[in-house]
1. Based on this model, can you work out whether Ala159 counts as assigned to a loop (DSSP other than H, G, I, E, B), of a type in the set (Gly, Ala, Ser) and in contact (Cβ under 8 Å) with a residue 24 or more places away in the chain?
2. Go through region 395-424 and give me each residue that's among the β-branched types (Val, Ile, Thr) and closer than 22 Å to Tyr131 by Cβ.
3. Yes or no: Tyr469 surrounded by fewer than 18 Cβ atoms within 10 Å (Cβ to Cβ) and either under 30 Å from Asn582 (Cα atoms) or touching a residue at least 24 places away in the same chain (Cβ under 8 Å) (or both)?
4. Return only the number of the condition from (1) surrounded by fewer than 16 Cβ atoms within 10 Å (Cβ to Cβ); (2) closer than 20 Å to Gly566 by Cα that Lys523 does not satisfy.
5. What is the residue count in region 403-457 for residues that are acidic (Asp, Glu) and within 30 Å of Tyr478 (Cα to Cα)?
6. Can you give me the number of residues within region 582-606 that are of a type outside the set (Val, Ile, Thr), part of a strand (DSSP E or B) and at pLDDT 90 or above?
7. Which one of the conditions (1) assigned to a strand (DSSP E or B); (2) closer than 16 Å to Asp311 by Cα does Asp392 fail to meet, given that it meets all the rest?
8. Would you pick out the residues in region 407-453 that are of a type in the set (A, V, I, L, M), assigned to a strand (DSSP E or B) and more than 26 Å from Ser363 (Cα to Cα)?
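The values are calculated or read from the model by the stated rules, or taken from the named source; none is laboratory data. None of these values were measured; they are calculated from a predicted model. Cβ placement follows ideal geometry from the backbone for every residue including glycine, while neighbour counts extend to all protein chains displayed.
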Amino acid sequence: MNRLIFALLMLGFTVLPVRGQTAPGETVKMDEVVVTDAAHTPDIFRLEPVQGTYIHAGKKNEVIDVLSLNASIAEKTGRQLFAKVPGVFVYDMDGAGNQINIAARGLDPHRGWEFNLRKDGVITNSDMYGYPASHYSMPMESIERINLVRGTGSLQYGAQFGGMLNYVGKQAPRNRPVAFETINTLGSYGLRATYNALGGTVGKFSYYAYLNRRVSDGYRDNASSESDAAQVTLGWAVSDNLSLKAEWARSNYLYRLPGPLSDAMFSANPRQSTRQRSYFNPDINIPSVSGDLKLGEHTQVRWVTSAVLGDRNSVLFDRPVSVVDAVNPLTGQPANRQVDLDHFHSYTTELRVLHQYKVGERSGSLLVGGQWMNNDLHRQQLGRGTTGYDFDLSLVTPGWGRDLHFKTRNAAYFVENNFKILPHLSVNAGARTESGGSRMSGVVTYLPGDVIPNRIEHNYTLFGAGLEYDLGGHQNVYTGWSQAYRPVIFKDIIPAATYDRADQNLKDAKGYNLEAGYRGDWKNLRWDVSLFHVQYDNRLGKLSLNDTAGNLYIYQTNIGDSSSRGAEVFVEARLPLPPQFNLSVFTSTSYLVARYGQARIAVGSANYDVTGNDVESAPRWTSRNGATLRWKRTSFTLLYSYVGRTFADALNTVTPSATGSVGLVPSYGLLDLGVSFRARDNLTIKINANNVTDRQYFTKRPLFYPGPGVWPSDGRSFNVSVGLTL
C-alpha cells in the first residue's frame with residue numbers, strides 16, 4: 001500500500017474540489033446542525049421549498065454532497081454515491097466508471113432514461129423523444145453535488161416518470177483569479193484516472209475548465225475501457241441583476257464489450273469473456289448558453305439554450321452467447337461484425353420565470369415557463385462491418401439495413417403556484433401542456449417502403465398538486481401527486497425483422513406519481529419516511545398475431561399496465577462519543593411491490609397473460625446500511641448494500657435459459673470500505689475497498705444492448721487517490 005501511495009504522489013496530486021459558488025439565484029438548505037467541526041456537516045440534505053426558479057415544496061427530494069463522501073468517485077460506484085437515497089436501483093454492468101445506470105420505484109434503469117437528466121440545469125438526455133438515454137458521461141470528480149427530485153416534479157422539469165436528476169458541477173472560485181486542482185487515481189484492474197482543472201474570477205468575468213482521462217483493463221477479460229472528458233465554462237456578471245454563462249462540455253469513451261455469459265459460464269468463471277471484437281463508443285458534445293436575470297426583488301428569470309450533438313457508435317458480433325465467435329476454417333477469418341450508428345441533433349431552449357408575491361399576510365410563488373425542442377435522430381443500423389478485432393466502424397458493403405430519421409418538434413408550457421394558506425401550510429398546484437409530434441422516415445431493406453412512415457403525436461395536459469405542513473422543530477409532512485407520460489420512442493416502432501409490424505396508432509405510456517412522507521431532524525436524529533404509488537399505463541411490448549391469410553407476425557403495440565407501490569425509509573443517527581470523535585449510522589431501505597395489471601405479452605408464437613406478475617428489475621427489498629466514524633482529520637466509512645432478487649422477463653421465469661437471457665437474478669449483498677485522511681488543509685488521501693468479500697453477482701439480464709445474458713459485475717477492487725488544492 002505504501003508503494004501505491006508513493007506512486008500516486010510521483011504521478012501527481014488528487015485535489016480536493018474547491019467548493020464553488022452556487023448557481024445564480026440558488027440557495028441550498030441543509031438540515032440544521034450545530035457545527036463545531038467540519039466533520040459534522042451532513043452529506044445529504046434537502047432543497048429549499050422554493051429555490052431559484054424552481055418549486056420543491058411538497059416533493060420528495062434529496063441533495064447528495066459528493067465532496068463529503070468516502071466513495072469511489074473515479075469509478076462512479078452508484079451504490080456508494082446514492083447510498084442514502086432509498087429505493088435507487090443500480091444497474092451495475094460496467095466497473096470502468098463510464099456511466100451511471102439507475103432507476104427508482106420499479107422503472108427501467110437503462111442509462112437513467114426514465115429521468116429528466118441534467119448537468120447544471122442543462123438537459124443531457126440524448127433525444128427525449130427518440131432515445132431518452134443519456135450517453136453523456138461527465139467525470140464525477142467534476143461534480144459538487146447531485147440533486148434528485150422524485151416523479152412529482154415532472155410538471156416543471158419534464159414529463160418523465162422518474163423525476164429530475166441534476167448533477168451540479170464545480171464553479172469558478174469567486175475570490176481568486178487562479179485556482180488549480182488535479183485528481184489522480186490508481187486502482188485495481190489497471191485503473192488510472194486523472195482530472196485537472198483551472199478556474200478563477202477576474203472582475204466580472206469567471207472561467208472554469210477541466211480535462212479528464214481514465215483508462216482501465218476491466219474486471220473481465222476483453223473489458224478494457226478508455227475515456228476522455230473536457231469542459232470550458234465562461235461567466236460574465238454583467239450587473240448585480242444579470243449574469244450570463246457559456247459552456248461547452250464533451251465526453252467520449254470507448255468500451256470493449258466482453259460479451260454476455262450463460263449461468264453455467266458465470267458459475268465457472270465470471271471474469272471470462274465470450275467476445276473479443278465488440279466495442280461501444282458514445283462521443284457527445286453539449287454546448288449551452290444561459291442567462292439569469294432579477295427583475296426587482298421578487299422576480300427571477302432563467303433562460304437556457306442547449307444542444308446534445310454527437311454519435312452513439314457500436315461494432316459488435318451481435319449473437320446469443322450460444323453462438324461462438326469463431327474463425328471460419330474455410331476463410332480463415334471470423335464473421336463480419338454489425339455496425340450501428342446513432343447521430344444526435346437535439347436542440348432545447350427553456351425559459352423559466354418565478355415571481356414571489358403576497359396576498360395580505362400570506363406569501364406565494366408563481367412559476368411559469370416554456371420548453372421547446374427540435375430534434376433529429378439519424379439511425380443507421382445493420383451495416384456489414386469488417387472481420388477484424390480492432391475498433392473499426394467502416395463498412396465492407398455499402399449501405400445500411402436500416403437508415404432512418406426520427407424528427408421531433410415539441411413545445412411544452414408549464415405553470416405551478418405555491419401558496420401559504422396558513423402560516424405552516426403551503427399548497428402548490430400546477431399544469432404542463434405538451435404539444436408536438438415525431439415523424440419517422442427512411443428505409444428498412446427487409447420491409448416494403450409504405451410500412452416505414454410513422455407519425456406519433458404528443459398532445460397532453462398534465463396536472464399535479466402537493467402540500468407541505470411545517471410541524472415545527474425542523475419537521476414537516478409532505479404529499480404530492482403529479483401526472484406523467486413517456487412518449488413512444490424510436491425502438492418501439494422499428495420492426496426488428498420481416499415478420500414484425502408496428503402499430504400505427506401506438507399510445508404513449510401515461511400515468512402518475514403519488515407520494516406522502518414525514519421528514520425532519522431532532523437532536524442527533526434525521527429521517528425521511530415516505531409511501532409512494534406509481535401508475536404506469538400503456539406499456540409498450542409485443543404480441544403474436546395472425547394476418548388474414550393465417551400467417552404469424554409479431555405486433556409491436558401497447559400490452560397493458562403496471563403499478564409500483566411501496567415505502568422508502570431513510571434514518572440517520574449521530575451517536576454520542578467523546579470529543580474529537582463523531583460516529584453516525586444510517587439505514588436507507590425501500591420495500592417495493594411492482595406488478596403488471598391487465599397485461600399480456602408474446603413469447604415465441606404464443607401470447608401469455610402476465611397480469612399480477614412482477615415487473616422486471618424491480619427488487620422487493622433494497623437496503624443500504626452504513627456507518628461513518630470521524631476522528632480529527634480522518635474518517636472511516638463502512639457500507640453494506642443488499643438488493644433482493646428480481647426477474648428478467650415479464651413471465652417471471654425462474655429457471656435460467658441456456659443463453660442466460662431469462663431467469664432469476666439472485667439477491668446479493670456487498671460490503672464497501674472507505675477511508676479519507678486530510679494530511680493538511682489542502683492535502684487529502686483517500687482509499688477505497690469495494691466489494692470486500694469478493695461477492696460474484698450480476699444486477700440484470702438485459703433484453704437488448706449490450707446483449708441478452710449474464711453480465712457480471714466487478715469483484716473485489718481497491719483504489720487510492722491523493723488530493724491537493726493550489
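1. Working: assigned to a loop (DSSP other than H, G, I, E, B): yes; of a type in the set (Gly, Ala, Ser): yes; in contact (Cβ under 8 Å) with a residue 24 or more places away in the chain: yes.
In short, yes.
2. Of region 395-424, the ones among the β-branched types (Val, Ile, Thr) are 396-397, 408, 415, 421.
Thr408, the sole residue that qualifies.
3. Yes; evaluated as a whole, the condition is true for this residue.
4. Going through the list (1) surrounded by fewer than 16 Cβ atoms within 10 Å (Cβ to Cβ); (2) closer than 20 Å to Gly566 by Cα, Lys523 breaks only (2).
5. As a first pass, look at region 403-457 and keep what is acidic (Asp, Glu): 403, 416, 434, 450, 457.
Filter once more, keeping what is within 30 Å of Tyr478 (Cα to Cα): 416, 434.
Total meeting the criteria: 2.
6. 13
7. (1)
8. From region 407-453, those of a type in the set (A, V, I, L, M) are 411-412, 415, 421-422, 425, 427, 429, 431, 440, 443-444, 447, 451-452; that's our starting set.
Restricting the remaining residues to those that are assigned to a strand (DSSP E or B) gives 411-412, 415, 421-422, 425, 427, 429, 431, 440, 443-444.
Passing the criteria: Ala411, Ala412, Met440, Val443, Val444.
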